[in-house]
Amino acid sequence: EKLYSVQSRHSDLRLRPEIMVGGGYNLTNNSYLRSYQGDVSLRFHISNRFSVAAAYSWVGNSFSQDAKQLIDEKGVLPDVPYALNKTEGTVAYNVFYGKFRMSMDTVYYFDQYVALGAGRIAMNTGTETAYIGDVGFAFWMNTWGSVRVGIKDYYYKETQQSGRSAYAHNIHGHLGVGYIF
């Protein structure tokens, strides 16, 4: 029987591309709008620690009960800016590599990561540049797959139809499934 006191990375990520599909939900919605998104991304692992990624997201929006009540009672649509789609590029660093054992025969491997980047957000009132911060966990499924779960912050200027604007943090919880080539 083999006994490991120290084990290197289970699957080498160096110079491997990864394609991922996923989704997210805006955790900082205002009282009139609910936003969710589906995305596809391409990540290139430069080393076991660093990777770069490009992503495109489709954003869906729906009015909340508060907005529907405003429409019904006053006949007024809420003046809220909302995203239609997003493109982004990020650089990620795997801070911590670890594993946990579910049984004597089942081991799961993971990386805790942080990522920074920038992107463009097409909104109902125009296009804005966003600054992006992302933190989460990448769980590695054997040598070919991954599951990522994290929190991503988009910081950008939101402009209302009335012309008022302000910078906002839109924080999304996200989940994605990837295939590593």
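The values are calculated or read from the model by the stated rules, or taken from the named source; none is laboratory data. This is a predicted model, so every value here is computed, not measured. So basically every Cβ, Gly included, is an ideal-geometry build from the backbone, and we count neighbours across all protein chains shown. Ligands, DNA and RNA are stripped out before the accessible areas are found, and what is left, the full protein with its side chains, is counted by its heavy atoms. Shrake-Rupley method; radii C 1.70, N 1.55, O 1.52, S 1.80 Å.
Descriptive notes on the structure:
- Amide H contacts under 5 Å for residue 124: 82, 84, restricted to partners 5 or more places along the chain or on a different chain, H placed in the peptide plane at 1.01 Å from N.
- Rounded D (µm²/s) - the stretch 72-126, Kirkwood Rh over Cα pairs, Stokes-Einstein at 37 °C, 0.692 mPa s: 208
- Calculated diffusion of the stretch 17-123, Stokes-Einstein form, Kirkwood radius summed over Cα pairs, 10 °C and 1.306 mPa s, µm²/s: 95
- Other-chain or far-sequence residues with amide H under 5 Å of residue 60's (modelled H): 36, 37, 38
- Other residues with beta-carbon under 11 Å from the beta-carbon of residue 44 carry, at +1 per Lys or Arg and -1 per Asp or Glu, a net charge of +2.
- For the chain, the solvent-accessible area with a 1.4 angstrom probe is 58 square angstrom per residue.
- Carbon and sulfur %, accessible surface of the chain computed with the full protein complex present, 1.4 Å: 60
- Amide hydrogen neighbours beyond the local backbone of residue 50, cut-off 5 Å, H modeled: 94
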